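Visitor: Have a look at this one.
Here, each number is a calculation from the coordinates, and none is a lab measurement. Because the structure is predicted, anything quoted here is derived from the model rather than measured. All Cβ positions, glycine included, derive from the backbone under ideal geometry; neighbour counts span all protein chains shown.
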Amino acid sequence: MKRALVTGASRGIGSALAKRLAKRGYEVWVAGRNPATLEMEVGEIETAGGRAHAFVLDVSRPEEAEERVRALDAEVGGLDLVIANAGIGGRTLPVAEQTLAQARTIFETNVMGALATLLPVIPGMVARGSGHIVGVSSLAGEMPLPAAADYGTSKAALSFFLESAAMDLIPRGVLVTDVRPGFVRTELTAKNQFKMPFLVELKDAAEIIDRGIERGRRIVRFPMPLTTAITASRLLPTVLRNRIVNAKRPV
Ligand SMILES: NC(=O)c1ccc[n+]([C@@H]2O[C@H](COP(=O)([O-])OP(=O)(O)OC[C@H]3O[C@@H](n4cnc5c(N)ncnc54)[C@H](OP(=O)(O)O)[C@@H]3O)[C@@H](O)[C@H]2O)c1
C-alpha cells in the first residue's frame, strides 16, 4: 500500500485531496494543528473504507516540522507521496499598509513550512529512485497584484523552488508537481470581500488536482479562463498590464 502525507488536511483543499487519495488506495497521514479535527477527518476516511492517521504538525514552526516529517518518513519506511498544502492567505492590504510581521507569518507558513515538509523526504526518494513531491502554490504567484504582495511573493517563491527541484529530481526518478489554483471556494477565500473571477467549487478543484497528481504532471494550473487571461496579460507591456490591474483592484 502506498503512503501519502498531506499537510493542511483538516479542511479545504487538503481534506478533499486526502479523501481522494485514500479512495485511490493510499494510506494517508492527514496533518494539521488541531488533533480533534484531524481525528474527525481520519474517522470519515475510515468510514469510507480507507486507511488514515492523524498527524499533528504546525508548519509555521519549520525546524520542529522538519524533524517530525523526517521521523515519520523513517518510521513508515519512506513516504511515496508528500503534499505540502498547508497555507494561509493573510489580509488583502495595499502594500503601504503591509507589515513585516504579517509578511513573516505568511512566509513562515507558505514557504518555510512547505520546505520543511518536502526537504526531509527528498533524500530517501532519491535513494529509492521513486517518489512524488507536490506543493500547493497559487496563480497569485504568477500575477503580481497590488493588495496581495506578501501572499503572491510567498507562492512565487514556492513555485520557483518546485521548478528548481524538478530539474534536479525528475532525472533521478522523483516526480515534482506544482499546483497553481485560481480561486477555490474554501474557508481561506470565504473572507474575501471582492468578486473572485472563475471561482471553482472545492470538489471540482480536488478532482483537477488529484488527476494532475495521478498523471505526474509538472504543473497543474486552473481554471482555464483565468490561466489564459494571466498568460495573455504577461504578453502585454508592463505599463498597460498595471493600468488594467489597477482599474480592477479589489481594495
Ligand atoms: N482556496 C483558494 O482559492 C486557493 C487558491 C490558490 C492556492 N490555495 C492554496 O491552497 C492551500 C489550501 O488552501 P485552502 O483554501 O484549502 O485553505 P483552508 O481551507 O484555510 O485550509 C488551510 C489548511 O491549512 C492548515 N494550516 C494552516 N496553517 C497551518 C500551520 N501553521 N501548520 C499546519 N497546518 C496549517 C489548516 O489546518 P489547521 O488550521 O487545522 O491547522 C487547514 O487544514 C493553501 O496553501 C492555499 O494558499 C488556495
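Visitor: Taking R0 as 41 Å, what's the FRET efficiency between LYS2 and LEU199 from their Cβ-Cβ distance, rounded to 0.05?
Guide: That pair, LYS2 with LEU199, gives E of 0.80.
Visitor: Report, to the nearest 10°, how far helix 224-234 tilts away from the longest principal axis of the Cα atoms in the chain, using its own Cα long axis and a range of 0 to 90°.
Guide: 50 degrees
Visitor: Same structure again: Sticking with the crude label model, points 7 Å out along Cα→Cβ, report the distance from ARG128 to LEU145 in nm, one decimal please.
Guide: 3.8 nm
Visitor: State, in angstrom, two size descriptors of region 88-234 derived from its alpha carbons: Rg to one decimal place and Dmax to the nearest whole number.
Guide: Over region 88-234's Cα set, Rg and Dmax evaluate to 15.8, 48 Å.
Visitor: From the phi angles alone, apply the Karplus equation (6.51, -1.76, 1.60; θ = phi - 60°) to region 136-148 and give each ³J(HN,Hα) in whole Hz, x where the residue is Gly or Pro.
Guide: Couplings: 8, 8, 6, 5, 4, x, 9, 10, x, 10, x, 9, 9 Hz.
Visitor: Also: Tally Lys and Arg at +1 and Asp and Glu at -1 over the other residues with C-beta under 15 Å from the C-beta of VAL76: what net charge comes out?
Guide: With Lys, Arg at +1 and Asp, Glu at -1, the net is +2.
Visitor: Next question, about the same structure. Order of LEU93, LEU115 from fewest to most other C-beta atoms within 10 Å?
Guide: Ranking LEU93, LEU115 by Cβ neighbours within 10 Å, fewest first, gives LEU93, LEU115.
Visitor: Right, next: In which sequence would MET196, MET112, MET125 go, from the one with the fewest C-beta neighbours within 10 Å to the one with the most?
Guide: Final ranking by Cβ density, sparse to dense: MET196, MET112, MET125.
Visitor: Using 0.36 nm per residue of separation minus the Cα-Cα distance, give me the extension gain between THR231 and SER164 in nm, one decimal.
Guide: Length gained, THR231 through SER164: 22.0 nm.
Visitor: Please report the net charge: other residues with Cβ closer than 12 Å to the Cβ of SER138, K and R +1, D and E -1.
Guide: Net charge around SER138: +1.
Visitor: Right, next: Grab the Cα-Cα distance for GLU44 and GLU214, subtract it from 0.36 nm times how many residues apart they are, and report the gain in nm with one decimal.
Guide: Extra length from GLU44 to GLU214 when fully extended: 59.0 nm.
Visitor: Also: Mind computing the radius of gyration and Dmax over the alpha-carbon atoms of the chain? Å is fine for both.
Guide: 17.9, 55
Visitor: Can you list the HN-Hα couplings for region 93-108, worked out from phi with the Karplus curve (6.51, -1.76, 1.60; θ = phi - 60°), rounded to whole Hz and with x for Gly and Pro?
Guide: Working through the residues one at a time gives 10, x, 4, 5, 9, 7, 10, 5, 4, 5, 4, 4, 4, 5, 5, 4 Hz.
Visitor: If you put +1 on each Lys and Arg Cβ and -1 on each Asp and Glu Cβ, how big is the dipole of the chain around its Cα centre, in Debye rounded to 20?
Guide: Once rounded to the nearest 20, the dipole reads 980 debye.
Visitor: Take the alpha carbon atoms of region 95-122, find their center, do the same for region 190-237, and report the distance between the two centers in whole angstrom.
Guide: 22 Å
Visitor: Still on this model: For region 119-169, list log₁₀ I(q)/I(0) at each q in 0.24 Å⁻¹, using the Debye formula over Cα point scatterers of equal strength and ignoring solvent, two decimals each.
Guide: Summing over Cα pairs of region 119-169 leads to -0.85.
Visitor: Still on this structure, I have one more. Using the Karplus curve 6.51 cos²θ - 1.76 cosθ + 1.60 with θ = phi - 60°, work out ³J(HN,Hα) for each residue of region 189-203 in order, rounded to whole Hz, and write x for Gly and Pro.
Guide: Those phi angles translate into 8, 4, 7, 5, 8, 9, 6, 9, x, 6, 4, 9, 5, 3, 4 Hz.
Visitor: Once Lys and Arg get +1 and Asp and Glu get -1 on their Cβ, which of VAL179, ALA74, SER10 lies farthest toward the positive end of the dipole of region 3-247?
Guide: Final value for the positive-end residue is VAL179.
Visitor: Select from THR153, VAL59, LEU199 the residue farthest towards the positive end of the dipole of region 3-247; place +1 on Cβ of Lys and Arg, -1 on Cβ of Asp and Glu, and compute about the Cα centre.
Guide: LEU199
Visitor: Between GLU97 and VAL245, what length in nm is gained on full extension when 0.36 nm per residue of separation is reduced by their alpha carbon distance?
Guide: 51.4 nm
Visitor: Can you give me the long-range amide H partners of LYS2? Hydrogens built in the peptide plane at 1.01 Å from N, cutoff under 5 Å, separation of 5 or more residues or another chain.
Guide: Counting only residues 5 or more places away or on other chains, the set is GLU27.
Visitor: Using the count of nearby Cβ atoms within 10 Å as a rough guide to exposure, how do LYS2, LYS191 rank from fewest to most?
Guide: The order, fewest Cβ neighbours first, is LYS191, LYS2.
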